[in-house]
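Here is the structure we will look at, set down as structure tokens.
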Amino acid sequence: MTMTDAQVRAALQSLPIELPSWGFGNAGTRFGVFPETGAARDVFEKIEDAALVHRLTGACPTIALHIPWDLPPAGMDWAALAAFAQEQGIRLGAINPNLFQEREYMLGSVCHPDPAVRRKAAAHLVECAEIAGIVGSQQVVVWLADGTNYPGQDDIRARRGRLKETLAEGYAALTPGVEMLVEYKMFEPGFYTTDLPDWGTAYTICQHLGPQAKVLVDTGHHAQGTNIEFIVATLLDEKRLGGFHFNDRRYADDDLIVGSANPFQLFLIFHELINGNDGRSAAPVSYMLDQSHSIEPKVEAMVLSVLNVQTAYAKALLVDRAALAERQAAGDVLGAHTILRDAYETDVRPLLAASREELGRPADPLCVLRGDAAFQESRRTREATPARAGGGGLGS
Ligand code: AFD
Ligand code: MN
Ligand code: MN
């Protein structure tokens, strides 16, 4: 017995997918930036582009901000920027501190051997917690570039002690109900150690911090071949899964369009999110994109990413869970496996199109965007006009 199309559409329409402000700007790779005509240049244009993706898909009501890249310009307060976002039809989402770009952070931020640098990092975490409280964000997402490049460079356990102590200062500043999502990453820019390299270290740090701390799973942050859906099931079981930064990868943290390289893994992740919840919808955690589009048209890449997430989710909703449980209990290895495969092989595009039309959105948002002369004109107009002030630093 599987869910009806109407039930699947309702579940799809209840899965908000947060967009990353930094995915709309010209970021590129460490080998160069290939600027896109009309790409967002300031926080206002990032909000405008995210709102366009939401209008086209009906699935993206919030935009994650990166501080200081997305600070309101001088003279504008957070309430005014939040109001600008509301006028565009979306809201401000997760707040992402930047503890990796300033000169002082060369040897780390919260784990740095110099207490003065740790104090600077702690102050930034507190600032971001306060911003989240002001704009009504539900999450502060902490990713650290902290690590070392050589054996002996620093004391591994001492760094862990600094990590706990300094993160706790940011955690203490959280508004009740706001979560600190602790994001791990196997390596980069640290190539000998990373102070938060895997789900286990992130989980234990969350235990030290408290109940408002949960683990953020970035799908590009694992060793080749890691069973990410197993990590998801485990963290769900421990009630410490905070959410996702979705992207896809071939080799490392490639930040490619989610579902573009390994759509089956994305389906299996959603299968565990449904299995670990009520069997009829994915667990209520944060679903965010975290991608960097260096050669892809940015708005189009975001729309395709949203569609890929929804495709995987719709297929996972179609798994016949009763039959699966029965085959599993019977030890029918391939019978159980085939039930998952059947759901995965289902063409859900008609169902997704119907869901979008039910929301008054285009059945094929990519086709609409590609053919939208007004959108292309808006890119040229942007190019011909000065950016509004706002934000600062690389990636802004
Ligand atoms: C980089 C990091 C990490 C972080 C993101 C936004 O690898 O994924 O979440 O920047 O700060 O991709
Ligand atoms: Mn991330
Ligand atoms: Mn990353």
Study note, to complete from the structure: Checked pairs for region 122-150, first assigned to a loop (DSSP other than H, G, I, E, B), second within 12 Å of ligand 1 (Cβ to nearest atom), C-beta under 6 Å and 6 or more apart or across chains, list as Ser137/Ala94; Ser137/Ile95; Leu144/Leu99; Leu144/Leu196; Ala145/Phe100; Ala145/Pro189
Check your understanding: What tally of residues in region 226-245 results from selecting those that are more than 20 Å from Pro197 (Cβ to Cβ) and within 16 Å of ligand 3 (Cβ to nearest atom)?
Key -> 0
Point to revise | Breaking point among (1) open to solvent by 60 Å² or more (accessible area, probe 1.4 Å); (2) assigned to a loop (DSSP other than H, G, I, E, B); (3) without any contact (Cβ under 8 Å) to a residue 60 or more places away in the chain, for Gln101 | key: (3)
Point to revise | Criterion violated by Ala79 - all others in (1) part of a loop (DSSP other than H, G, I, E, B); (2) surrounded by fewer than 18 Cβ atoms within 10 Å (Cβ to Cβ) satisfied | key: (1)
Practice item. Would you point out which residue out of Thr204, Thr194, Thr166 is more than 16 Å from ligand 3 (Cβ to nearest atom), at pLDDT 95 or above and either open to solvent by less than 10 Å² (accessible area, probe 1.4 Å) or in contact with a strand residue (DSSP E or B) (Cβ under 6 Å, 6 or more places away or on another chain) (or both)? Key: Thr166
**Study point:** Long-range neighbours under 8 Å by Cβ, at least six apart or interchain, first residue modelled with pLDDT of 95 or more within region 213-229, second away from ligand 3 (no atom under 16 Å from the Cβ) and in a strand (DSSP E or B)
**Key:** Ala213/Glu179; Ala213/Met180; Lys214/Glu179; Lys214/Met180; Lys214/Leu241; Val215/Leu241; Val217/Leu241
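Which residues, taken from region 269-293, are within 16 Å of ligand 1 (Cβ to nearest atom) and aromatic (Phe, Trp, Tyr)? Walk me through how you get there before you give the answer.
Pass one, region 269-293, residues within 16 Å of ligand 1 (Cβ to nearest atom): 285-293.
Once the filter is applied, which keeps residues that are within 16 Å of ligand 1 (Cβ to nearest atom) and aromatic (Phe, Trp, Tyr), region 269-293 yields only Tyr287.
Got a number for residues in region 319-338 being touching a residue at least 12 places away in the same chain (Cβ under 8 Å) and either out of contact with any Lys or Arg (no Cβ under 6 Å at 6 or more places or on another chain) or open to solvent by 70 Å² or more (accessible area, probe 1.4 Å) (or both)? It would help to see each step written out before you state the result.
Of region 319-338, the ones touching a residue at least 12 places away in the same chain (Cβ under 8 Å) are 319-324, 327, 336.
Those still in the list that are either out of contact with any Lys or Arg (no Cβ under 6 Å at 6 or more places or on another chain) or open to solvent by 70 Å² or more (accessible area, probe 1.4 Å) (or both) too: 319-324, 327.
Matching residues across region 319-338 total 7.
Okay, residues lined up against (1) in a loop (DSSP other than H, G, I, E, B); (2) closer than 29 Å to Cys111 by Cα; (3) open to solvent by 50 Å² or more (accessible area, probe 1.4 Å):
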site	(1), (2), (3)
Val217	no, yes, no
Leu235	no, yes, no
Val258	yes, no, no
Met288	no, yes, no
Val303	no, no, no
Val306	no, no, no
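Each row is one residue, and each column tells you yes or no for (1) among the acidic types (Asp, Glu); (2) closer than 22 Å to Ala384 by Cα; (3) touching a Pro at 6+ places or on another chain (Cβ under 9 Å).
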residue	(1), (2), (3)
Ala10	no, no, no
Glu18	yes, no, yes
Phe24	no, yes, no
Thr29	no, no, no
Thr37	no, yes, no
Ala40	no, yes, no
Review point. Of all residues in region 237-255 being within 16 Å of ligand 1 (Cβ to nearest atom) and farther than 20 Å from Ala64 by Cα, which is surrounded by the fewest Cβ atoms within 10 Å (Cβ to Cβ)?
Key: Tyr251
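The values are calculated or read from the model by the stated rules, or taken from the named source; none is laboratory data. Since the structure is predicted, the reported quantities are computational estimates derived from the model, not experimental observations. Neighbour counts run over all protein chains shown; Cβ positions are idealised from the backbone, glycine included. These accessible areas exclude ligands, DNA and RNA; they are computed on the full protein's heavy atoms, side chains included. Shrake-Rupley method; radii C 1.70, N 1.55, O 1.52, S 1.80 Å.
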